[in-house]
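Structure, as structure tokens:
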Amino acid sequence: MISSQQALKLILKNTEDFGIEEIPFLESVGRVLKEDILADRDFPPFDRVSMDGIAIVFDTFTAGNRTFKIENVQAAGSKQLELNNKSNCIEVMTGAVLPINTDVVIPYEQVTIANGKAIIEIDKINQLQNIHKQGNDRKKTDILIKKNRVISPSEIGIFATIGKSTVKVAKQPKALIISTGDELVAVNENPLPYQIRRSNVYSMLSLLEELKIHAETAHITDDKPLLKEKIARYLEQYDVLLFSGAVSKGKYDFLPEVLDELGVKKLFHKVKQRPGKPFWFGKKGSKSVFAFPGNPVSTYVGCLKYFYPWYKKLVGIQYENQESAILSEDFFFKPELTYFLQVKTKNEKGRLYAIPVVGHGSGDLANLADADAFLELPDDKSNFAKGEVFPLIRYR
């Protein structure tokens, strides 16, 4: 049996690069960018008017002139005009190109317009005021977005601005989530008194959807030949298999034996942790197998603690757990195991606190809804004091 830290290190040493694919930019939110995005021209691409008003010559104003004849109107999206007489002005709209021979924009709020003339009502201006200079934000070929970033709606706007209709992203692994056991029935079925509905696969399905992995699901009954037949086929069809159940010491827990017979190399089985101690992980060539215990909290925390970092490393994004929280009250846990304590989080004066939400063990699915994170308590102590800080695995 290995520690939780050792298990994670082994998993991170066994990631795969599934390559790159090019997809429409509007479908890329949540995916990991795999190319640097460069400016196709200066940002802004011209001297841009930033307020509705009039464009004038600064020197004319400083010479004492306050009344300007209106020569023309520069609309946004129209070809650049030229001011012919430095004593005149051109009306300009926000977003328009600044007319040639002008270098100041006075907003309408500081101007009175009558009889084709604009009278400026202030006595002090600055040259280039209300003008967004060409290239002020970025120059042509500057990197706008670096690769290995998770794409958000803010990046979508940049793709559109530079005409990037398709983008290169990390290819997602083809994943299958498998439940096992004769006691499980479909969600739309009425279970018998000794049965329960399948729920773990849907929890994991949703967790993978958070990563934009559109996994498929399957169910196999406690029949060893059937398990072996189906898993052999799944190993050929999918990049990663995630199991829930059949890895403990029960009479019908055939999964470790079946995986061994199918040539899947066991990297570890059993981790010094609670919940999720019987966790099994192995590889067959480029195929990865995560086999979590069947209790719902075990499956849930296992997916967050181990599958999430595995995935993030393979697509090239930060995977270390950077968040921590302060334990809000004393807590005692005797076994020398890493304990994933379910907690509610609360932010007080800029400090994040973790409030224990103690349930009824790893089978207490409902308790997941009462908490919103796991506080990771180390295996080298039993008493955890109020005010101590520990790593936090947030899921809400």
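In bins 5 Å wide, starting from 0, what share of all Cα pairs of region 40-151 does each bin hold, as a percent?
P(r) for region 40-151, in whole percents per bin: 2, 13, 22, 22, 16, 8, 6, 4, 3, 2, 1, 0.
Over 32 Å between C-alpha atoms is what I'm after, so list which of LYS147/LYS270; LYS164/LYS265; LYS133/LYS313; LYS13/LYS168 land there.
Values: LYS147/LYS270 37 Å; LYS164/LYS265 43 Å; LYS133/LYS313 41 Å; LYS13/LYS168 25 Å.
Over 32 Å Cα-Cα: LYS147/LYS270; LYS164/LYS265; LYS133/LYS313.
For region 324-394, what D do you get in µm² per second when you plug the Kirkwood radius from alpha-carbon pairs into Stokes-Einstein at 4 °C and 1.567 mPa s?
Numbers: Rh = 12.2 Å.
D = 106 µm²/s.
Assign one of three labels to region 41-95, namely rounded, prolate or oblate, based on the Cα gyration tensor with a ≥ b ≥ c the square roots of its eigenvalues; rounded applies when a/c is under 1.5, prolate when it is not and a/b is larger than b/c, and oblate otherwise.
Values: a/c = 2.23, a/b = 1.81, b/c = 1.23.
Since a/c reaches 1.5 and a/b is larger than b/c, the shape of region 41-95 is classed as prolate.
Between 0 and 90 degrees, rounded to the nearest ten: what's the tilt of helix 224-237 against the longest Cα principal axis of the chain?
30 degrees
At most 10 other Cβ atoms within 10 Å and a DSSP loop assignment: could you name the trypsin sites (Lys or Arg not before Pro) in region 91-163 that fit? Could you put the intermediate results ahead of the total?
Details: sites: LYS117, LYS124, LYS133, ARG138, LYS139, LYS140, LYS146, LYS147, ARG149; in loops: LYS124, LYS133, LYS139, LYS140, LYS146, LYS147, ARG149.
Answer by residue number: LYS124, LYS146.
Within straight cross-link reach of LYS266, meaning Cα distance under 20 Å, which aspartates and glutamates are found once same-chain residues fewer than 8 apart are removed?
Straight-line reach from LYS266, under 20 Å: GLU16, GLU229, GLU236, ASP239, ASP253, GLU257.
For the chain, modelled as a Gaussian network with Cα springs under 10 Å, which listed residue fluctuates most, GLY285, GLY316, GLY294?
The residue with the greatest mean-square fluctuation here is GLY285.
Can you order the peptides 349-358, 274-283 by their average number of other Cβ atoms within 10 Å per residue, highest first?
Values: 349-358: 14.3, 274-283: 22.4.
Going from most to least packed, we get 274-283, 349-358.
Would you please classify the overall shape of region 268-339 from the alpha carbon gyration tensor, given that a ≥ b ≥ c denote the square roots of the eigenvalues, rounded means a/c under 1.5, and beyond that prolate means a/b larger than b/c while oblate covers the rest? Each step should come with its number before you reach the end.
Details: a/c = 2.62, a/b = 1.35, b/c = 1.93.
In terms of gyration-tensor shape, oblate.
When averaged across all projection directions, what area in nm² does the alpha-carbon convex hull of region 252-396 cover? Mind dumping the intermediate values first?
Numbers: hull surface 39.7 nm².
If I average the Cα hull's projected area over directions, I get 9.9 nm².
For the chain, give me the percentage of DSSP beta bridges that are antiparallel, rounded to the nearest 5 percent.
Details: 55 of 84 bridges.
Close to 65 percent.
Ratio of Rg to Rh for the chain, alpha carbon only, Kirkwood? Provide the component values of the computation, followed by the final result.
Details: Rg = 31.1 Å, Rh = 25.7 Å.
Result for the chain is an Rg/Rh of 1.21.
If you average the C-alpha positions of region 80-99 and of region 329-358 separately, how far apart do those two centres end up, in angstrom?
So the separation of the two Cα centres works out to 64 Å.
Could you give the angle, 0 to 90 degrees to the nearest 10, between helix 200-210's Cα long axis and the longest principal axis of the Cα atoms of the chain?
Relative to the chain, helix 200-210 is tipped by roughly 20 degrees.
No lab work stands behind these numbers, since they all come straight from the coordinates. Quick caveat, the model's predicted, so the values are computed rather than measured. Here the Cβ is made from the backbone with ideal geometry for all residues, glycine too, and neighbour counts use every protein chain on show.
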